[in-house]
Structure formats: C-alpha cells, structure tokens
Amino acid sequence: QDPTNHLFTNGKYDDFYELTIDKYNKLKNLIRKRPEVSSATNINNIFRISNSIEISTLGLVDKIHQTKKGNFLFTLEDLTGKISVLIQNNSENLDSVKIIQRTLNDQMVFVKGLYNPGEHGRKGIIFASYISKIDIPTDFQPNISPDPLSIALISDTHIGSKEFEEGLFAKFINFLNGKSKNKLLREKAGRIKYLVINGDLIDGIGIYPSQQEDLVIADIYKQFKKASEILLEIPDYIKIFFVSGNHEPVRNAIPRP
C-alpha cells in the first residue's frame, strides 16, 4: 500500500494486466483524435479477410527491425491479436520510413496499407503505405498566462549524499533571491513564480548496496531537516511543487516488475 492507504495491489498477474489494458485504451483514445483513424479495424477482423484489400488498423508496435533489403518489419498488436507490418524503404514511403525509424516498442501507431492474407499456412501481412503516431492536434491552443511568469524545474539534488553540490545549490538559491550581479539574470529570477522538484530531493537510506559509504547524513529525518532548511531560503512568493522519487521513503510505483 501507499502511505495514504488508498492505492494498493497484490502484485498478481491481474494487476499488471489491468495496468497494461488501461495504458492501451488511453493511447487508443488519443490517436483516435486523428481524423484518418476513424476507418481503423481490429486486427482479429483483418485475419477474417480472404483476399488482398486496402485496410487500416492501429495498435502497439513491437520487434521493429530492418530487413536485409532495407525494408522495415514490425509487429502490430491490439487487444484482439497481432499482425506483421512491412514498410518498403523506397521513394514512395519516405515519410513512413522516417516515422518508423523514430518509433519505439510499445508506441501506438495507425497503419494503412494493402493486406495480403498469406497462403500455404502463412499468416497475413500488411504492406503499409501510410503510418502515423499520436501528435499534438493542429487546433491545440495552450493556456498562456497573461503575465510573464516562469517555472524552474530541478531534480536529483540528493541532499545527504557526498555528491550533493551544496555550494552550487547555494548559488541557485541566491539566483532565486535576485542576488545575481547580472541584471538579465535578476530579471529572469523575478519572473519565477513556481519551483518544481521532480524527485530525489534527498538521497535516502538503503536505496542501493553500501549506500552508507556515500552519505554525509545517514538519517532520513535529518536529511529532510537539512532539505527544509535549504528550501526555506527560497522566496515565499515562489510556490514549490515536490514530486517524490525512488530515493524518498515512499512506496514504489505499482505494479512494479
């Protein structure tokens, strides 16, 4: 359980399965915002087709590799099945080749192309002529503050460790307080209204073998006390958001392999 007692798991197969399905459905909903994706069909339905035909589908990418002829072959998987997809590396597919070269396993893609049902016991394959991924909508309008505000993002300070750069962090605190000798830096510091600490504020205890040899503060409470003393030097008009990392004494992300 997590410290709030609201989030918990038994660590069983079903927990991992439900997490994977939830991730898949969220990605599918995002890519379906693209107008061309409305024609996509399930992979299981494609295997019922007995003749060559233009089809479109979507799913998660797996096992991308380049063939000896320079083409790109990968497996596409949805909740109903898996199918092989081939992108021929030629002048007609330059855009698709560029996309698949920048695609990682488990990314959601939409594929359109000619389906070959196969013969002599071989499974069907899609010869893709078009491929697209989740993207920022063309009509996306970000919410922009009318005031010239800035956000400072930091992480992995590891207070309590010998590796903590206390002197360097003190310079950062001085910068936030507008004590820089550079006028431009003072102006930039004055616009900072939020500070995000994205994990590993402290070094923690027992995170890895022989960690105690790397610590100057070997008590978790004293590490946090030191961190609070440092953060109290930040101007009070700057709001701090702290996201715990794996070095903080919190429950690990669940489910966790």
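Read-outs: derived from the displayed coordinates by stated rules, not from any lab. Since this is a predicted model, take the numbers as computed values, not measurements. Cβ placement follows ideal geometry from the backbone for every residue including glycine, while neighbour counts extend to all protein chains displayed.
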*What is the pair-distance distribution P(r) of the stretch 17-133, computed from all Cα-Cα distances in 10 Å bins starting at 0, with each bin given as a whole percent?*
14, 49, 32, 5, 0
*Extending each Cα 7 Å along its Cβ direction at Asn143 and Thr41, get the distance between those two points in nm, one decimal.*
4.2 nm
*Mean projected area (nm²) of the alpha-carbon convex hull when the stretch 150-243 is viewed from all directions*: 6.0 nm²
_Past the 31 angstrom mark, what percentage of all C-alpha to C-alpha distances in the chain do you count?_
53 percent
*Ordered by residue, what ³J(HN,Hα) values in Hz, to whole numbers, does the stretch 86-97 give under the Karplus form 6.51 cos²θ - 1.76 cosθ + 1.60, where θ = phi - 60° and Gly and Pro are x?*
10, 10, 6, 7, 9, 5, 7, 10, 4, 5, 5, 5
*Long-range amide H partners of Ser155 with built H, under 5 Å*: Asn198
*Based on the Cβ-Cβ distance from Gln211 to Arg102, what FRET efficiency comes out when R0 is 30 Å, to the nearest 0.05?*
0.20
*asked:* What is the ratio of the Cα radius of gyration of the stretch 106-157 to 2.2 N^0.38 Å, with N the residue count, to two decimals?
replied: 2.24
*Which of the residue pairs Lys171/Lys226; Lys112/Lys133; Lys181/Lys225; Lys69/Lys123; Lys23/Lys82; Lys23/Lys123 have a Cα-Cα distance greater than 23 Å in the structure shown?*
Lys181/Lys225; Lys23/Lys123
*What residues qualify as long-range amide H neighbours of Tyr194, i.e. H under 5 Å apart, gap of 5 or more or another chain, H built at 1.01 Å from N?*
Ser150, Ala152, Lys239
*Rounded to whole Hz, the Karplus (6.51, -1.76, 1.60) HN-Hα couplings of the stretch 156-161, x for glycine and proline*: 6, 6, 6, 4, x, 8
*Report, to the nearest 10°, how far helix 166-176 tilts away from the longest principal axis of the Cα atoms in the chain, using its own Cα long axis and a range of 0 to 90°.*
90 degrees
